[in-house]
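Only one structure is covered here, and it is reproduced in the block below.
Only the coordinates and a few stated rules stand behind these numbers; no lab work does. Predicted model only: the values in this text are computed from it and were never measured. Note: ideal-geometry Cβ built from the backbone for every residue, glycine included; neighbour counts use all protein chains shown.
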Amino acid sequence: MNVFRVVSDVICPWCYIGKRRLEAALRQLPDTTEVSVSWHPFQLNPGMPPLGMDKKEYCVRKFGSWARCEELFAQMNEVGKAVGIEFRFDKQPIIPNTFDAHRVIWFAGQEGAQDQIVEALFNAYLCEGVNLSRRSELIQVCEEAGLERNRIERLLRSNEGAAEVLAEEREANHSGSGRTFRRPTTRSHLAGFRANPKAVPRTLAEHLTGPSTLSPTLSSGVGP
């Protein structure tokens, strides 16, 4: 079994692009190739206030000027369109705190619904302008994606999943994150999705030839 552990944040546009490229690459593999994909937490902004902060203020602080931010958004829009994503950076004026979202993703992994929840959260924030800092909106997105509302409400009222998410974040920070594949047993590297997207199907076909664990880490890069 080839196991992909994807470390990402649901407000990272490059991570969403990476998800699409990974999906396209996996479709190129032989039908006999066994693949498992799991999603793991990485907060781009771990110190974000619980209710988030103004996007314009945050982006100007990070990139120097709003004009530069708009240039970067335009670049990401073009890359997103190439993989079928219609980013709408204008719809949501808040950069959210994503800790609760990662707790829900962790829970969805226990329920066998992780990929559909990750997809719904990426789309909700980056394409529909949903404020994921608001628990009511987070719950609505997850319910529409297939989780039970009462169960998610109970999760968010408690500390369930918090320790697990924090532990995984510490692990990601300790090991380092970037847009590369790592084969831990050999320490060899493959090209990252963002750097060389056309090479991904070829390199996957070349490397997924037997049991191994690959860790494509899709966090960081330009974006909130």
**Relative contact order %, region 45-174, counting alpha carbon pairs below 8 Å whose residues are six or more apart** = 25
**Prompt:** Ala145's amide H: which non-local residues (gap 5+, or another chain) put their own amide H closer than 5 Å, with H modeled 1.01 Å from N in plane and none for Pro or chain starts?
**Reply:** none
**Cα-Cα pairs of region 45-174 separated by more than 17 Å (percent)** = 63
**Message:** Through the Karplus equation 6.51 cos²θ - 1.76 cosθ + 1.60, θ set to phi - 60°, convert the phi angles of region 97-104 into ³J(HN,Hα) values in whole Hz; use x for Gly and Pro.
**Reply:** 7, 9, 4, 4, 4, 5, 5, 5
**Request:** Pick out, in residue order, every one of the chymotrypsin sites (Phe, Trp or Tyr not before Pro) in region 36-126 that is DSSP loop and has at most 14 other C-beta atoms within 10 Å; say none if there are none.
**Result:** none
**Request:** Provide the net charge surrounding Leu156, with neighbours chosen by a C-beta distance below 9 Å and charges set as Lys +1, Arg +1, Asp -1, Glu -1.
**Result:** +1
**Fill in**
Of the convex hull enclosing the alpha-carbon atoms of region 1-52, the direction-averaged projected area in nm² is 4.1
